[in-house]
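A.B. asks: Once you've had a glance at the structure underneath, I'll fire off some questions.
The values are calculated or read from the model by the stated rules, or taken from the named source; none is laboratory data. This one's a predicted model, so the numbers in the text were calculated from it and none came from an experiment. Glycine gets a Cβ as well: all are built from the backbone with ideal geometry, and neighbour counts include every protein chain shown. These accessible areas exclude ligands, DNA and RNA; they are computed on the full protein's heavy atoms, side chains included. Shrake-Rupley method; radii C 1.70, N 1.55, O 1.52, S 1.80 Å.
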Amino acid sequence: MNFEKFTQIVSDPKHTKDDLKKLLANAKKKPSEPEYARLVMDELNKRFPNWDRPKQGGKTRNIAVFKSEECTFESAKEGYIWLVEKFISVRPDLFSNPNQDTMYLAVGKGANYFAGKPQQLFPKSPHLADDKNNYFRLKNGRHANINLNNATKFDVLLRFSAITNVNYLTEWEWNVDLATETLRDKQDIQLRAKQVRDEIDQFLKEFIKTP
């Protein structure tokens with residue numbers, strides 16, 4: 001379906017919120033054409049404010065993919081930690097032998113993402129360490145800060161991706177239901193960057209073949 005026709009369908013006022021959410025789900029199945037999903041999300045945001053806010057309990061269903069494994073989780077925290085553990089399994093030395101890569105992963109703005117003790121995660125807000133819901137003890141004994149929005153969690157996963165050379169979209173993904181606009185924008189940027197890289201690679205291959 002061409003984009004003009006799709007625009008007419010999405011903007012039809014007879015469509016309910018559930019209708020639009022189904023259109024969005026179908027549009028997301030075509031990651032190479034993110035403008036279709038973006039159009040539906042814009043319509044949902046205009047007609048049904050807060051349609052993408054997590055329901056009671058703050059839990060957000062998500063699907064995490066790492067190489068050949070795929071798992072569904074009922075909370076973003078669970079999916080995030082699962083991916084963190086997977087990345088660490090690729091580079092266990094990141095925390096057993098701390099170096100510049102470890103610092104890149106661990107240090108954030110106003111708070112740290114990983115630390116040996118919970119108190120070290122929240123240097124500017126030490127009271128947060130009193131609540132065990134704000135952090136998680138990893139298999140290697142380190143503590144992970146989970147008092148983060150999902151967009152920031154995604155940023156941390158991208159740091160792991162860069163350090164471990166496990167590429168986003170081709171080797172790992174994190175698909176969060178009802179993702180915030182900030183998270184969607186960050187993931188769209190990564191998708192577009194991959195498309196550009198793929199186009200460059202294809203061009204170089206064709207160029208090399210040219211006599």
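A.B. asks: With the requirement that a residue be open to solvent by less than 70 Å² (accessible area, probe 1.4 Å) and over 24 Å from the mean Cα position of the chain (by Cα), what does the stretch 97-117 give you?
C.D. replies: Listed by number, the residues that qualify are Asn99, Gly116.
A.B. asks: Residue by residue through the stretch 127-145, note down the ones that are part of a helix (DSSP H, G or I) and open to solvent by less than 80 Å² (accessible area, probe 1.4 Å). Working first, answer last.
C.D. replies: Going residue by residue through the stretch 127-145, those that are part of a helix (DSSP H, G or I) are 127-130, 132-134.
Across the stretch 127-145, the qualifying residues are Leu128, Ala129, Asn134.
A.B. asks: Taking the options Thr164, Thr182, name whichever one is under 24 Å from Tyr135 (Cα atoms) and modelled with pLDDT under 90.
C.D. replies: Thr182
A.B. asks: Which residue pairs have Cβ atoms closer than 6 Å, lie 6 or more positions apart in sequence or on different chains, and pair a first residue in the stretch 155-173 that is over 19 Å from Arg192 (Cβ atoms) with a second residue that is crowded, with 18+ Cβ neighbours inside 10 Å?
C.D. replies: Once the first residue is over 19 Å from Arg192 (Cβ atoms) and sits in the stretch 155-173, its partners that are crowded, with 18+ Cβ neighbours inside 10 Å give Val156/Tyr113; Arg159/Leu105; Phe160/Phe87; Ile163/Asp101; Thr164/Phe87; Val166/Trp172.
A.B. asks: What residue, of Leu94, Leu148, is buried (at least 19 other Cβ atoms within 10 Å of the Cβ) and part of a helix (DSSP H, G or I)? Let's see the steps before the verdict.
C.D. replies: Details: Leu148 fails: part of a helix (DSSP H, G or I).
Of Leu94, Leu148, the one residue that is buried (at least 19 other Cβ atoms within 10 Å of the Cβ) and part of a helix (DSSP H, G or I) is Leu94.
A.B. asks: Determine which single condition Glu69 fails, assuming it passes every other condition in (1) charged (D, E, K, R); (2) under 16 Å from the mean Cα position of the chain (by Cα); (3) modelled with pLDDT of 85 or more.
C.D. replies: Result: Glu69 passes all but (2).
A.B. asks: Among the residues of the stretch 6-15, write down those that are at pLDDT 85 or above and either open to solvent by 70 Å² or more (accessible area, probe 1.4 Å) or in contact with a His (Cβ under 6 Å, 6 or more places away or on another chain) (or both).
C.D. replies: Gln8, the sole residue that qualifies.
A.B. asks: If we keep just the residues of the stretch 165-196 that are polar (S, T, N, Q) and outside any helix (DSSP H, G or I), which is most open to solvent (accessible area, probe 1.4 Å)? Working first, answer last.
C.D. replies: The first filter runs over the stretch 165-196 and keeps only residues polar (S, T, N, Q), leaving 165, 167, 170, 175, 180, 182, 187, 190, 195.
Keeping just the survivors that are outside any helix (DSSP H, G or I) gives 165, 167, 170, 175, 180.
Working: Asn165: 117, Asn167: 84, Thr170: 90, Asn175: 68, Thr180: 62 Å².
Checked the stretch 165-196; the qualifying residue most open to solvent (accessible area, probe 1.4 Å) is Asn165.
A.B. asks: Further, regarding this structure: Go through the stretch 7-19 residue by residue and tally those that are within 12 Å of Tyr36 (Cα to Cα) and under 25 Å from the mean Cα position of the chain (by Cα).
C.D. replies: Summing the residues that are within 12 Å of Tyr36 (Cα to Cα) and under 25 Å from the mean Cα position of the chain (by Cα) in the stretch 7-19 gives 0.
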